[in-house]
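Peer 1: Got a structure for you, written out below as C-alpha coordinates; questions coming shortly.
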Amino acid sequence: MPHITRFEAPWFLKISKKEYKWTVRVNPGPHPLSKSIPLSLILRDYLKVAATLSEAKKVISEGKVYVDGIVRKDYRFPVGLMDIISIPSAGLYYVMFPDKSRYISPKQISESEAKYKLVRIMNKTMIKGGKLQLNLEDGRNILVNKEDSSKYPTLSTLKIEIPSQNIISVYPLVENMYGIIIGGKNTGLHGKIVKIQRAQYKARKYSIVTIKKDNESYETNLLNTMVIGEQNPEIKVE
(Lines give C-alpha, C1' and ligand atoms only; values in the text may rest on other atoms or scores of the structure.)
Protein backbone atom coordinates (compact mmCIF):
# COMPACT_ATOMS: atom_id res chain seq x y z
CA MET A 1 0.00 0.00 0.00
CA PRO A 2 1.66 3.27 -1.14
CA HIS A 3 -0.03 5.43 1.47
CA ILE A 4 -0.66 5.50 5.19
CA THR A 5 -2.99 7.67 7.23
CA ARG A 6 -1.29 10.63 8.80
CA PHE A 7 -2.33 9.45 12.25
CA GLU A 8 -0.67 6.07 11.64
CA ALA A 9 2.51 7.64 10.27
CA PRO A 10 5.58 8.01 12.53
CA TRP A 11 5.10 10.86 15.00
CA PHE A 12 8.26 12.68 13.91
CA LEU A 13 7.29 13.24 10.26
CA LYS A 14 7.22 16.93 9.39
CA ILE A 15 3.71 16.91 8.00
CA SER A 16 0.37 18.37 9.01
CA LYS A 17 -1.84 15.84 10.78
CA LYS A 18 -4.96 17.84 9.86
CA GLU A 19 -4.37 19.02 6.29
CA TYR A 20 -4.84 15.67 4.52
CA LYS A 21 -5.87 12.18 5.57
CA TRP A 22 -3.10 10.29 3.74
CA THR A 23 0.66 10.57 3.37
CA VAL A 24 3.40 8.52 1.70
CA ARG A 25 4.31 5.17 3.23
CA VAL A 26 7.93 4.01 2.91
CA ASN A 27 8.73 0.88 0.93
CA PRO A 28 10.56 -1.98 2.66
CA GLY A 29 14.25 -1.15 2.73
CA PRO A 30 17.26 -0.47 4.92
CA HIS A 31 15.24 1.30 7.64
CA PRO A 32 11.90 0.30 9.22
CA LEU A 33 8.74 2.41 8.92
CA SER A 34 9.06 3.55 12.55
CA LYS A 35 12.55 5.00 12.00
CA SER A 36 12.52 6.42 8.49
CA ILE A 37 11.16 9.15 6.22
CA PRO A 38 10.08 8.66 2.59
CA LEU A 39 12.58 10.30 0.22
CA SER A 40 9.87 12.36 -1.47
CA LEU A 41 8.77 13.90 1.83
CA ILE A 42 12.34 14.92 2.58
CA LEU A 43 12.49 16.85 -0.70
CA ARG A 44 9.06 18.45 -0.24
CA ASP A 45 8.60 19.00 3.49
CA TYR A 46 12.15 19.22 4.83
CA LEU A 47 14.43 20.59 2.11
CA LYS A 48 11.71 22.52 0.23
CA VAL A 49 13.31 21.71 -3.13
CA ALA A 50 9.89 20.61 -4.40
CA ALA A 51 6.56 22.35 -3.77
CA THR A 52 4.38 19.29 -4.33
CA LEU A 53 4.63 15.52 -4.16
CA SER A 54 4.45 15.38 -7.96
CA GLU A 55 7.46 17.69 -8.26
CA ALA A 56 9.38 15.60 -5.74
CA LYS A 57 8.58 12.43 -7.69
CA LYS A 58 9.81 14.04 -10.91
CA VAL A 59 13.14 15.11 -9.40
CA ILE A 60 13.65 11.63 -7.95
CA SER A 61 12.63 9.79 -11.13
CA GLU A 62 15.14 11.85 -13.13
CA GLY A 63 17.96 10.37 -11.04
CA LYS A 64 18.99 13.64 -9.44
CA VAL A 65 18.88 12.40 -5.83
CA TYR A 66 21.47 10.15 -4.23
CA VAL A 67 21.22 8.34 -0.90
CA ASP A 68 24.57 7.16 0.45
CA GLY A 69 26.14 7.77 -2.95
CA ILE A 70 23.63 5.69 -4.91
CA VAL A 71 20.91 7.08 -7.19
CA ARG A 72 17.49 6.34 -5.78
CA LYS A 73 14.48 6.62 -8.08
CA ASP A 74 11.91 5.30 -5.61
CA TYR A 75 9.97 8.19 -4.11
CA ARG A 76 9.04 5.91 -1.20
CA PHE A 77 12.62 4.92 -0.42
CA PRO A 78 13.16 4.90 3.40
CA VAL A 79 15.77 7.37 4.60
CA GLY A 80 17.03 6.98 8.16
CA LEU A 81 19.62 7.89 10.75
CA MET A 82 22.95 9.19 9.38
CA ASP A 83 21.98 8.58 5.75
CA ILE A 84 23.61 11.00 3.31
CA ILE A 85 21.30 12.79 0.86
CA SER A 86 23.00 14.39 -2.14
CA ILE A 87 21.59 16.48 -4.97
CA PRO A 88 24.82 17.26 -6.88
CA SER A 89 23.07 19.21 -9.66
CA ALA A 90 21.95 21.74 -7.04
CA GLY A 91 25.10 21.55 -4.91
CA LEU A 92 23.09 20.29 -1.92
CA TYR A 93 24.36 17.74 0.60
CA TYR A 94 22.74 16.65 3.86
CA VAL A 95 23.07 14.09 6.64
CA MET A 96 20.03 12.79 8.50
CA PHE A 97 21.08 13.84 11.97
CA PRO A 98 19.51 13.16 15.40
CA ASP A 99 17.05 15.89 16.31
CA LYS A 100 15.42 16.46 19.70
CA SER A 101 12.02 17.48 18.34
CA ARG A 102 11.91 15.47 15.10
CA TYR A 103 14.01 12.34 15.90
CA ILE A 104 16.00 12.89 12.70
CA SER A 105 16.18 15.82 10.32
CA PRO A 106 18.47 16.84 7.44
CA LYS A 107 21.55 18.83 8.40
CA GLN A 108 23.49 20.51 5.61
CA ILE A 109 27.08 19.36 5.15
CA SER A 110 29.86 19.98 2.65
CA GLU A 111 30.47 17.98 -0.52
CA SER A 112 33.58 16.43 1.04
CA GLU A 113 31.64 15.35 4.14
CA ALA A 114 29.06 13.69 1.89
CA LYS A 115 31.67 11.21 0.67
CA TYR A 116 31.60 9.20 3.87
CA LYS A 117 29.06 7.94 6.38
CA LEU A 118 28.95 7.01 10.06
CA VAL A 119 27.05 3.81 10.87
CA ARG A 120 26.87 1.51 13.90
CA ILE A 121 27.68 -2.20 14.04
CA MET A 122 24.59 -3.87 15.53
CA ASN A 123 25.90 -7.44 15.53
CA LYS A 124 28.38 -9.79 13.88
CA THR A 125 27.88 -13.13 12.11
CA MET A 126 30.36 -15.83 11.12
CA ILE A 127 29.81 -17.07 7.58
CA LYS A 128 31.34 -19.72 5.33
CA GLY A 129 34.83 -19.14 4.02
CA GLY A 130 36.30 -17.86 7.25
CA LYS A 131 34.77 -14.41 6.99
CA LEU A 132 33.06 -12.26 9.58
CA GLN A 133 29.97 -10.32 8.52
CA LEU A 134 29.40 -6.95 10.17
CA ASN A 135 25.67 -6.25 10.28
CA LEU A 136 25.19 -2.51 10.27
CA GLU A 137 22.32 -0.35 11.47
CA ASP A 138 21.30 0.80 7.98
CA GLY A 139 20.80 -2.74 6.72
CA ARG A 140 24.11 -3.13 4.91
CA ASN A 141 26.65 -5.87 5.60
CA ILE A 142 30.43 -5.68 5.34
CA LEU A 143 32.76 -8.70 5.27
CA VAL A 144 36.06 -8.70 7.17
CA ASN A 145 38.52 -11.39 8.19
CA LYS A 146 37.41 -13.31 11.28
CA GLU A 147 40.84 -12.68 12.84
CA ASP A 148 39.93 -8.98 12.93
CA SER A 149 36.78 -9.49 15.00
CA SER A 150 38.23 -7.67 18.01
CA LYS A 151 38.80 -4.58 15.86
CA TYR A 152 35.05 -4.21 15.31
CA PRO A 153 33.20 -4.34 18.66
CA THR A 154 29.42 -4.45 18.58
CA LEU A 155 27.85 -0.96 18.83
CA SER A 156 31.06 0.67 17.67
CA THR A 157 30.76 3.14 14.79
CA LEU A 158 32.32 2.70 11.37
CA LYS A 159 33.33 5.60 9.17
CA ILE A 160 32.92 4.24 5.66
CA GLU A 161 33.36 5.61 2.17
CA ILE A 162 30.18 5.70 0.13
CA PRO A 163 29.17 4.01 -2.02
CA SER A 164 32.27 1.74 -1.94
CA GLN A 165 31.81 0.79 1.76
CA ASN A 166 35.56 0.86 2.34
CA ILE A 167 36.19 1.20 6.07
CA ILE A 168 38.11 4.36 6.96
CA SER A 169 37.97 4.33 10.77
CA VAL A 170 36.44 2.46 13.70
CA TYR A 171 35.21 4.29 16.81
CA PRO A 172 34.47 1.94 19.74
CA LEU A 173 31.76 2.76 22.25
CA VAL A 174 34.04 3.43 25.22
CA GLU A 175 34.68 6.23 27.67
CA ASN A 176 36.38 9.42 26.46
CA MET A 177 35.02 9.09 22.92
CA TYR A 178 32.66 11.71 21.47
CA GLY A 179 29.06 10.51 21.42
CA ILE A 180 25.57 11.62 20.54
CA ILE A 181 22.21 10.49 21.89
CA ILE A 182 20.06 9.04 19.10
CA GLY A 183 16.89 8.13 20.99
CA GLY A 184 14.78 9.09 23.98
CA LYS A 185 14.05 12.49 25.51
CA ASN A 186 17.62 13.75 25.06
CA THR A 187 17.94 12.89 21.35
CA GLY A 188 20.46 15.12 19.60
CA LEU A 189 22.48 16.04 22.68
CA HIS A 190 26.16 15.29 22.27
CA GLY A 191 29.48 15.50 24.05
CA LYS A 192 32.22 13.45 25.68
CA ILE A 193 31.33 10.00 26.99
CA VAL A 194 32.53 10.26 30.58
CA LYS A 195 31.08 7.06 32.07
CA ILE A 196 29.61 3.73 31.00
CA GLN A 197 27.94 1.77 33.77
CA ARG A 198 27.40 -1.71 32.38
CA ALA A 199 24.55 -3.91 33.58
CA GLN A 200 25.13 -7.60 34.20
CA TYR A 201 22.00 -8.65 32.32
CA LYS A 202 20.30 -7.13 29.27
CA ALA A 203 23.38 -4.95 28.91
CA ARG A 204 22.20 -2.94 25.92
CA LYS A 205 18.95 -1.92 27.56
CA TYR A 206 20.07 -1.31 31.12
CA SER A 207 23.70 -0.17 30.80
CA ILE A 208 23.84 3.58 31.41
CA VAL A 209 26.00 5.99 29.42
CA THR A 210 26.78 9.47 30.73
CA ILE A 211 27.57 12.18 28.19
CA LYS A 212 28.93 15.53 29.32
CA LYS A 213 29.17 18.86 27.55
CA ASP A 214 29.63 22.40 28.93
CA ASN A 215 29.32 21.17 32.54
CA GLU A 216 25.97 19.53 31.77
CA SER A 217 25.59 15.76 32.02
CA TYR A 218 23.01 13.58 30.31
CA GLU A 219 22.24 9.89 30.78
CA THR A 220 20.91 7.35 28.31
CA ASN A 221 21.34 3.65 27.58
CA LEU A 222 23.81 1.92 25.27
CA LEU A 223 21.32 1.50 22.42
CA ASN A 224 20.61 5.22 22.39
CA THR A 225 24.31 6.13 22.21
CA MET A 226 26.32 6.51 19.02
CA VAL A 227 30.00 7.40 18.85
CA ILE A 228 30.66 10.04 16.19
CA GLY A 229 34.36 10.71 16.74
CA GLU A 230 37.27 10.60 19.12
CA GLN A 231 38.01 13.95 20.76
CA ASN A 232 35.83 15.80 18.26
CA PRO A 233 32.87 14.77 16.12
CA GLU A 234 33.43 13.70 12.52
CA ILE A 235 30.37 15.77 11.57
CA LYS A 236 29.95 19.44 12.43
CA VAL A 237 27.19 19.15 15.01
CA GLU A 238 26.72 22.83 15.88
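The values are calculated or read from the model by the stated rules, or taken from the named source; none is laboratory data. Source: prediction; values computed, not measured. All Cβ positions, glycine included, derive from the backbone under ideal geometry; neighbour counts span all protein chains shown. Just the protein is used for accessible areas: all its heavy atoms, side chains included, with ligands, DNA and RNA removed. Shrake-Rupley method; radii C 1.70, N 1.55, O 1.52, S 1.80 Å.
Peer 1: With a 1.4 Å probe and every protein chain kept in, tell me what percent of the accessible surface of the chain is carbon plus sulfur.
Peer 2: Details: 5960 of 12140 Å².
Here carbon and sulfur together make up 49 percent of the probe-accessible area.
Peer 1: Evaluate the Kirkwood expression for the hydrodynamic radius of the chain, namely the inverse of the mean inverse distance over all pairs of different C-alpha atoms, and round to one decimal in Å.
Peer 2: Details: mean 1/r = 0.0533 Å⁻¹.
Kirkwood hydrodynamic radius for the chain: 18.8 Å.
Peer 1: Still on this model: Exactly which GluC sites (Glu not before Pro) in the range 13-75 are in a DSSP loop and have at most 10 other Cβ atoms within 10 Å? Before the final figure, lay out the partial values.
Peer 2: Details: sites: 19, 55, 62; in loops: 19, 62.
Taking the range 13-75 and a limit of 10 other Cβ atoms within 10 Å, the loop GluC sites (Glu not before Pro) found are 19.
Peer 1: Could you work out [θ]222 nm for the chain from helices alone, using -39500 (n - 2.57) per DSSP H run of at least four and dividing by all its residues? Round to the nearest 500 deg cm²/dmol.
Peer 2: Details: 2 runs with 13 residues, N = 238.
For the chain, the value works out to -1500 deg cm²/dmol.
Peer 1: For the range 11-120, what's the relative contact order in percent, using C-alpha pairs closer than 8 Å and at least 6 residues apart? Let's see the in-between values first.
Peer 2: Numbers: 186 pairs, mean separation 24.9, N = 110.
After rounding, I find 23 percent.
Peer 1: Quote the relative contact order of the chain in percent (integer), defining contacts as alpha-carbon pairs under 8 Å separated by 6+ residues.
Peer 2: Details: 514 pairs, mean separation 28.8, N = 238.
12 percent.
Peer 1: What is the extension gain from residue 203 to residue 12, computed as 0.36 nm multiplied by their sequence separation minus the C-alpha to C-alpha distance, in nm to one decimal?
Peer 2: On the way: separation 191, 0.36 × 191 = 68.76 nm, distance 2.77 nm.
Stretched out fully, the residue 203 to residue 12 stretch lengthens by 66.0 nm.
Peer 1: Also, quick follow-up: Hey, if you put +1 on the Cβ of every Lys and Arg and -1 on every Asp and Glu Cβ in the range 94-238, which of 110, 155, 211 ends up farthest toward the positive end of that dipole?
Peer 2: Farthest towards the positive end: 155.
Peer 1: In the structure shown, do any of 117/236; 185/212; 151/192; 35/100; 21/58 have a Cα-Cα gap over 19 Å, and if so which?
Peer 2: Working: 117/236 13 Å; 185/212 16 Å; 151/192 22 Å; 35/100 14 Å; 21/58 23 Å.
Beyond 19 Å between Cα atoms: 151/192; 21/58.
Peer 1: Next up: Using the heavy atoms of the protein chains alone and a 1.4 angstrom probe, what is the accessible area of the chain per residue in square angstrom?
Peer 2: Values: 12140 Å² over 238 residues.
It amounts to 51 Å² per residue over the chain.
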